[in-house]
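The structure appears right after this line, and notes come after that.
The values are calculated or read from the model by the stated rules, or taken from the named source; none is laboratory data. Everything numeric in this text was worked out from a predicted model, so none of it was measured. Because the Cβ atoms are built from the backbone with ideal geometry, glycine has one as well, and the counts that use them run over all protein chains shown.
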Amino acid sequence: MSFTIAIDGPAAAGKGTISKAVAAHFVMAHLDTGLLYRAVGAQVIAGSDPLKAAQCLQTKDLQRPDLRSAEVAQAASQVAVNADVRAELLEFQRRFARRDGGAVLDGRDIGTVILPNAEVKLFVTADAAVRAQRRHKELLEGGFETSFEQVLSDVLARDTRDEGRATAPMVAAADAVVIDTSDMSTEVAIKAAISIVEKRILS
């Protein structure tokens, strides 16, 4: 059986944590599609052509330890506006979603473009300042030195690019359930997501 769950939302809203937890709960495969763009962005920083980097992308490229840096995040957002790069990575994501046992994919345009027919669609969001605080803490814990002000600026800039790009802009699908995690603990947000999925499965 192929059952797909699409989880979208802006940076640091908690969709990655929620997606992993949902996938584990329902014993499904999980794909953080943002890593695809981060991996391409990392190669572009190193001097590669964006399209060639996307065409030659391998699973091992998603394991690079530097993919969570602020620099790579910005590069990922910039290559994500490239329609040719997006088209190259689209089939990769759709193949992953069709695997037996079901799959959970999280990103920016999963429910609107990649998997418009997904059985469940969630849009996880949060206030920009709250998201910047989370990302700043994550970066510091990962050994990346940066200021909260810089992270907030990066978050806002990325939101603007993701929401304003001509190809596959970030927006909640019309049939997506919105989860605002601004005032939610991780545990509460995960429980809310699992509850939504369970209701859909049983309906």
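Could you say whether any residue in region 168-179 is charged (D, E, K, R) and either part of a helix (DSSP H, G or I) or farther than 21 Å from Ile5 by Cα (or both)? Break it down into steps so the answer makes sense when it comes.
Keep residues of region 168-179 that are charged (D, E, K, R), which gives 175.
Right, trim to either part of a helix (DSSP H, G or I) or farther than 21 Å from Ile5 by Cα (or both) and you get none.
Checked against the condition, which is being charged (D, E, K, R) and either part of a helix (DSSP H, G or I) or farther than 21 Å from Ile5 by Cα (or both), region 168-179 yields no hits at all.
Looking only at region 155-170, decide whether some residue is among the charged types (D, E, K, R), modelled with pLDDT of 95 or more, surrounded by 15 or more Cβ atoms within 10 Å (Cβ to Cβ) and closer than 27 Å to Asn117 by Cβ.
Of all residues in region 155-170, those among the charged types (D, E, K, R) come to 158-159, 161-163, 165.
Now narrow it down to the ones that are modelled with pLDDT of 95 or more: none.
Within region 155-170, not a single residue is among the charged types (D, E, K, R), modelled with pLDDT of 95 or more, surrounded by 15 or more Cβ atoms within 10 Å (Cβ to Cβ) and closer than 27 Å to Asn117 by Cβ.
In this structure, Phe144 does not satisfy being part of a strand (DSSP E or B) and surrounded by 14 or more Cβ atoms within 10 Å (Cβ to Cβ).
Contact annotation: no residue pair with Cβ atoms under 8 Å, 6 or more positions apart or on different chains, pairs a residue in region 144-156 that is over 11 Å from Val130 (Cα atoms) and aromatic (Phe, Trp, Tyr) with a partner that is modelled with pLDDT of 95 or more and loosely packed, with under 15 Cβ neighbours inside 10 Å.
When Ala39, Ala12 are screened for being buried (at least 21 other Cβ atoms within 10 Å of the Cβ) and touching a residue at least 60 places away in the same chain (Cβ under 8 Å), only Ala12 passes.
Considering each of Glu149, Glu145 in turn, give the residue that is at pLDDT below 95, closer than 27 Å to Arg64 by Cα and over 16 Å from the mean Cα position of the chain (by Cα). Spell out the reasoning first.
Working: Glu149 fails: at pLDDT below 95.
After ruling out the rest, the residue left standing is Glu145.
In region 105-133, the qualifying residues are those that are over 22 Å from Glu198 (Cβ atoms) and of a type in the set (Val, Ile, Thr), and the one that is surrounded by the most Cβ atoms within 10 Å (Cβ to Cβ) is Ile114.
Checked against the criterion of being among the β-branched types (Val, Ile, Thr), at pLDDT below 90 and under 15 Å from the mean Cα position of the chain (by Cα), the candidates Val40, Val81 yield just one match: Val81.
Does Ala193 satisfy being small (Gly, Ala, Ser), crowded, with 17+ Cβ neighbours inside 10 Å and out of contact with any helix residue (DSSP H, G or I) (no Cβ under 7 Å at 6 or more places or on another chain)? Answer is no for this residue.
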